[in-house]
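The values are calculated or read from the model by the stated rules, or taken from the named source; none is laboratory data. Values in this document were obtained by computation on a predicted structure and should not be read as measured data. Neighbour counts run over all protein chains shown; Cβ positions are idealised from the backbone, glycine included.
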Amino acid sequence: MTANVTADGFFGEYGGQYAPPPLVPILNELAAAFEKYRNDPEFLEEYNYYVKHFSGRETPLYLCSNLTEKLGGAKIYLKREDLNHLGAHKVNNTIGQILLAKRMGKKKIIAETGAGQHGVATAATAALMGMECTIYMGAVDVERQKLNVFRMQMMGAKVVAAQSGQRTLKEAVDEALIAFVEEADTAFYLLGSAVGPHPYPLMVREFQAIVGREAKQQILEAEGRLPDYCIACVGGGSNAIGLFADFIEDKEVKLVGVEPSGRGLDYGDHAATLCLGEPGIMHGFNSYMLKDDKGEPAEVYSISAGLDYPSVGPEHAQLKDLGRAEYVYASDKEAVDTFFMLSQMEGIIPALESSHALAHAIRIAPELSKDTIIIVNLSGRGDKDVAQIEQMVANGDFELPHYKK
Ligand SMILES: *Cc1c(COP(=O)(O)O)cnc(C)c1O
């Protein structure tokens, strides 16, 4: 399963560990601990216990029969990661990493968060394990995401507002790393996606791979064969690699990642890193990257706060170059249309992030035969997006559509 990654964390030419010197020994200690425990039966038993009893796994694989019938082509199944505790796939990873932190004797968790979804999942698992928790968040995001800040505080986490630079995710990462290096003896850095220096992309992939393992079993039970397509949205790439991992060797299964094309394809209007970027190093790893004219990380935008990152997990860069996975994009408008369509056709309100993945399935399903099988990773539920959408409807940005069955 891990033949595609070297011992020092290279997926082909991507990945690696381009970290400042003080971080290197800390990352190596983490990589050694991960290697020691990743196949340890007691560790895996504990991981399986918490993803089941704390988060509610396994999540269902649900056939959207109304949507399938309306589109008139391929069968669309949803992997219901929205039904996890806290409403998204992120908890699969935070449980895995916090159990590792415990084994390493760490007492405190440090993490960054953008919109707050990873911060909330981290705060919850830290509360579960009785660990101290500090979340760094850009001051602008703290203001924009007040409810998530309060959720973290309710679960006992301290939220620090990063005041430097643009005061968003990048500055939160910078300040969190400074704090982490100072406290590395007792603290553990819990990263939220399949990005960053080795071993994070590999580790996050392994903790999210449960998504694809379950989906494979479930589709074999439901249909007696593998799917034709696995489709997932790509921000940092963790829910996508989680779905893809167990299918990579099954060459007949097409893997498709969907990036946000936001308002359009001009600079600053999107975050379609694999589709429109070029190789480059940021945040300690080599991957595809969107750059400004100085070669620095570009400004990025998407209607969904979970997808606007100017780099992407290195394993996706490798899968793209190998032609094993295909990467496409969907716009804000397509995501919002899909948000309403799934809500009305199936009674499921999807996260705006996940709506990008489903938008692509809706695009291709009508042209595919009725015996074609598509699995879409429904990475999260849309409750967190309802206020934003309600505001847009109130502003007259669009009317509430009505989809007929
Ligand atoms: C955070 C988030 C994403 C994007 O992160 P990935 O690492 O690309 O999976 C997607 N969907 C939801 C619901 C999220 O919360």
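Number of residues in the range 210-237 that are within 13 Å of the ligand (Cβ to nearest atom) and part of a loop (DSSP other than H, G, I, E, B): the value is 4. HIS118 fulfils the conditions (1) modelled with pLDDT of 95 or more; (2) more than 22 Å from PHE54 (Cβ to Cβ); (3) surrounded by 21 or more Cβ atoms within 10 Å (Cβ to Cβ) except for a single criterion, (2). Checking each residue of the range 92-109 against the condition of being touching a helix residue (DSSP H, G or I) at 6+ places or on another chain (Cβ under 7 Å), under 23 Å from GLU29 (Cβ atoms), at pLDDT 95 or above and assigned to a strand (DSSP E or B) gives at least one match. A residue that is surrounded by fewer than 24 Cβ atoms within 10 Å (Cβ to Cβ), more than 13 Å from the ligand (Cβ to nearest atom), modelled with pLDDT of 95 or more and not in a loop (DSSP other than H, G, I, E, B) occurs nowhere in the range 295-305. Residues in the range 14-68 that are of a type in the set (D, E, K, R), within 30 Å of GLY347 (Cβ to Cβ) and free of Cβ contacts under 8 Å to residues at least 24 places away in the same chain: LYS52 only. Residue-level analysis places ILE389 outside the set of residues that are β-branched (Val, Ile, Thr), within 16 Å of the ligand (Cβ to nearest atom) and surrounded by 23 or more Cβ atoms within 10 Å (Cβ to Cβ).
Residue-level analysis places GLY280 outside the set of residues that are assigned to a strand (DSSP E or B), within 15 Å of the ligand (Cβ to nearest atom) and modelled with pLDDT of 95 or more. Among residues of the range 247-268 being within 28 Å of PRO197 (Cβ to Cβ) and more than 16 Å from the ligand (Cβ to nearest atom), the one that is surrounded by the most Cβ atoms within 10 Å (Cβ to Cβ) is PHE247.
Looking at the range 7-32 only, could you name the residues that are surrounded by 16 or more Cβ atoms within 10 Å (Cβ to Cβ) and within 23 Å of the chain's Cα centre (by Cα)? Matches in the range 7-32: GLY9, PHE10, PHE11, GLY12, TYR14, GLY15, GLY16, GLN17, ALA19, LEU27, LEU30, ALA31.
So for the range 147-154 (the condition being within 21 Å of SER379 (Cβ to Cβ), more than 18 Å from the chain's Cα centre (by Cα), away from the ligand (no atom under 14 Å from the Cβ) and surrounded by 17 or more Cβ atoms within 10 Å (Cβ to Cβ)), does at least one residue qualify? So far as the range 147-154 goes, yes, one or more of its residues are within 21 Å of SER379 (Cβ to Cβ), more than 18 Å from the chain's Cα centre (by Cα), away from the ligand (no atom under 14 Å from the Cβ) and surrounded by 17 or more Cβ atoms within 10 Å (Cβ to Cβ). Out of the residues in the range 306-326 meeting the condition of being under 30 Å from LEU71 (Cα atoms) and crowded, with 23+ Cβ neighbours inside 10 Å, tell me which one is modelled with the lowest pLDDT. Top of the filtered list is GLY306. Scanning the range 324-343 for residues that are more than 15 Å from GLY257 (Cα to Cα), in contact (Cβ under 8 Å) with a residue 60 or more places away in the chain, acidic (Asp, Glu) and touching a strand residue (DSSP E or B) at 6+ places or on another chain (Cβ under 9 Å) yields one hit, ASP332.
Does ALA330 fit the bill of being within 16 Å of the ligand (Cβ to nearest atom), hydrophobic (A, V, I, L, M, F, W, C), assigned by TED's automatic domain parsing to the domain that holds SER238 and in a strand (DSSP E or B)? Yes: the conditions hold for ALA330.
Screening the candidates ILE374, ILE362, ILE348 for the property of being part of a loop (DSSP other than H, G, I, E, B) and in contact with a helix residue (DSSP H, G or I) (Cβ under 7 Å, 6 or more places away or on another chain) yields one hit, ILE348.
Checked against the criteria, GLU81 counts as within 16 Å of the ligand (Cβ to nearest atom), buried (at least 17 other Cβ atoms within 10 Å of the Cβ) and not assigned by TED's automatic domain parsing to the domain that holds ALA172.
Listed conditions (1) more than 12 Å from the ligand (Cβ to nearest atom); (2) modelled with pLDDT of 95 or more; (3) under 21 Å from GLY257 (Cα atoms) are all met by GLU346, apart from (3).
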